[in-house]
Amino acid sequence: MTNREQGLAEGEFAYQRIADKLRRGINSEEWGPGDRLPTRAQLAERFGVSPATINEALKLLRRDELIVTRQGSGSFVRGGAQGGRRTMRRDGGSVEGGGGGDTWAVESEGVTPVMLKPYLAEAFEAPEVTLDVFSMTTESLTKRVSDQKDRIMEGEIPPPRSIKARLMLPDCDSPNLAIPRRIDGADEPRVRQRLKAILQSHATMFKEALYELQRCTPAPEVEVEVRVVPFSPQVKLYILNRHLALQGFYVPDVGTIQLLPDREEVGIYDAYGTGATLFPYRASDDDAENRRGVVQKCQAFFDSNWKYLATRVDL
């Protein structure tokens with residue numbers, strides 16, 4: 001981002017656009033877990049808006065549990081020392097800071113998108129990697145997969161024997177998508193095509209990052225398949241190595257976009273996956289009951305939609 005963002009004039013949706021840019025900054029690790037965000041005055045200068053507008057943007061991030069604000073100290077990205085972490089026990093209690101005790105399948109009550117990175121790092125250290133993904137655009141995932149590709153190419157970890165990925169995305173040619181959609185309810189093909197361009201870009205980068213690994217020695221077997229479903233996902237789901245499920249919810253919100261060719265500004269209902277809080281569920285190798293639990297149900301949900309409702313596409 002530049003020191004002073006352009007084109008974010010004061011208006012009804014300015015704080016929502018600013019919140020989305022801050023979400024992207026958190027997701028790209030411009031600010032990591034526990035980091036303090038710039039002050040209200042600094043953000044107001046950066047985006048060219050009033051401190052009151054910044055306050056409204058920060059409220060959205062607090063609502064999404066991405067940040068915590070401490071009086072006199074500022075706003076911090078959740079997940080670090082400032083944000084804290086709670087690990088749920090079987091008895092329904094919680095342990096501040098995580099670790100210790102007899103933990104349940106839910107490892108953390110509030111995991112921000114930046115926490116996807118260590119889970120993927122763990123997954124790519126396995127000899128056989130499988131990624132089943134149900135997402136709006138795969139934007140959050142693509143950067144993390146590229147990070148793992150770099151680790152392998154630079155010799156930090158050995159290449160896996162195989163990497164198999166299945167991406168399930170919304171069919172942007174379907175007029176029945178609930179999100180994104182104009183606020184007045186009318187179907188707007190340009191809104192859907194805008195989403196299509198975004199998801200195609202990220203899915204293509206995802207595929208290219210994995211197929212680049214075939215230049216390694218030894219070269220892993222890489223297989224990536226993309227299918228689309230005729231509805232908008234309400235849940236973001238990553239299943240890693242059929243062993244760990246990361247699940248978050250797409251929360252509908254109001255936003256504005258500019259549509260080409262005349263840059264018409266249109267109000268839409270949208271969902272911002274880069275700000276989705278992820279909940280991890282792990283199937284322990286020695287816990288058969290847990291393995292038949294949440295992770296298995298997530299896998300069955302994905303497999304059923306993939307088999308019966310999804311259509312293969314070539315990007």
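The values are calculated or read from the model by the stated rules, or taken from the named source; none is laboratory data. Since the structure is predicted, the reported quantities are computational estimates derived from the model, not experimental observations. Here Cβ is always computed from backbone atoms with ideal geometry, including for glycine, and neighbour counts include all displayed protein chains.
Only residues that are surrounded by 21 or more Cβ atoms within 10 Å (Cβ to Cβ) and either at positive phi or assigned to a strand (DSSP E or B) (or both): list them for region 128-164, please. Hits for region 128-164 are V129, L131, D132, V133, F134, T138, I163.
Scanning region 34-50 for residues that are more than 13 Å from S75 (Cβ to Cβ) and either part of a helix (DSSP H, G or I) or within 23 Å of the chain's Cα centre (by Cα) (or both) turns up A44, E45, R46, F47.
Across region 29-44, the qualifying residues are those that are surrounded by fewer than 16 Cβ atoms within 10 Å (Cβ to Cβ) and out of contact with any strand residue (DSSP E or B) (no Cβ under 9 Å at 6 or more places or on another chain), and the one among them that is modelled with the lowest pLDDT is E30. Counting the residues of region 149-196 that are under 20 Å from A310 (Cβ atoms) and among the basic types (K, R) gives 4. Count of region 49-63 residues, restricted to those that are touching a Ser or Thr at 6+ places or on another chain (Cβ under 8 Å) and either crowded, with 20+ Cβ neighbours inside 10 Å or outside the structural domain of I26 (by TED's automatic domain parsing) (or both), is 2.
Looking at region 292-302, is at least one residue at pLDDT 85 or above, under 19 Å from the mean Cα position of the chain (by Cα), crowded, with 18+ Cβ neighbours inside 10 Å and in a strand (DSSP E or B)? Within region 292-302, none of the residues are at pLDDT 85 or above, under 19 Å from the mean Cα position of the chain (by Cα), crowded, with 18+ Cβ neighbours inside 10 Å and in a strand (DSSP E or B). Selection of region 223-235 for residues being buried (at least 20 other Cβ atoms within 10 Å of the Cβ) and either within 29 Å of E154 (Cβ to Cβ) or not assigned by TED's automatic domain parsing to the domain that holds D150 (or both) yields only V226.
Screening Y250, Y238 for residues that are surrounded by 15 or more Cβ atoms within 10 Å (Cβ to Cβ), aromatic (F, W, Y) and modelled with pLDDT of 95 or more leaves exactly one candidate, Y238. Might you check whether a residue that is more than 16 Å from the chain's Cα centre (by Cα) and either among the hydrophobic types (A, V, I, L, M, F, W, C) or not assigned by TED's automatic domain parsing to the domain that holds S304 (or both) occurs anywhere in region 180-189? Yes, some residue in region 180-189 is more than 16 Å from the chain's Cα centre (by Cα) and either among the hydrophobic types (A, V, I, L, M, F, W, C) or not assigned by TED's automatic domain parsing to the domain that holds S304 (or both). Is it the case, given these coordinates, that L43 is closer than 20 Å to I268 by Cα and in contact with a helix residue (DSSP H, G or I) (Cβ under 6 Å, 6 or more places away or on another chain)? It is false that L43 is closer than 20 Å to I268 by Cα and in contact with a helix residue (DSSP H, G or I) (Cβ under 6 Å, 6 or more places away or on another chain).
Can you find a residue in region 247-268 that is among the hydrophobic types (A, V, I, L, M, F, W, C), without any contact (Cβ under 8 Å) to a residue 40 or more places away in the chain and out of contact with any helix residue (DSSP H, G or I) (no Cβ under 9 Å at 6 or more places or on another chain)?
Looking through region 247-268, at least one residue is among the hydrophobic types (A, V, I, L, M, F, W, C), without any contact (Cβ under 8 Å) to a residue 40 or more places away in the chain and out of contact with any helix residue (DSSP H, G or I) (no Cβ under 9 Å at 6 or more places or on another chain).
Residues of region 199-215 that are surrounded by 15 or more Cβ atoms within 10 Å (Cβ to Cβ), more than 16 Å from K164 (Cα to Cα) and out of contact with any strand residue (DSSP E or B) (no Cβ under 7 Å at 6 or more places or on another chain): Q200, S201, H202. Only residues that are part of a strand (DSSP E or B) and either under 20 Å from G255 (Cβ atoms) or among the hydrophobic types (A, V, I, L, M, F, W, C) (or both) were counted across region 165-184, and they come to 7.
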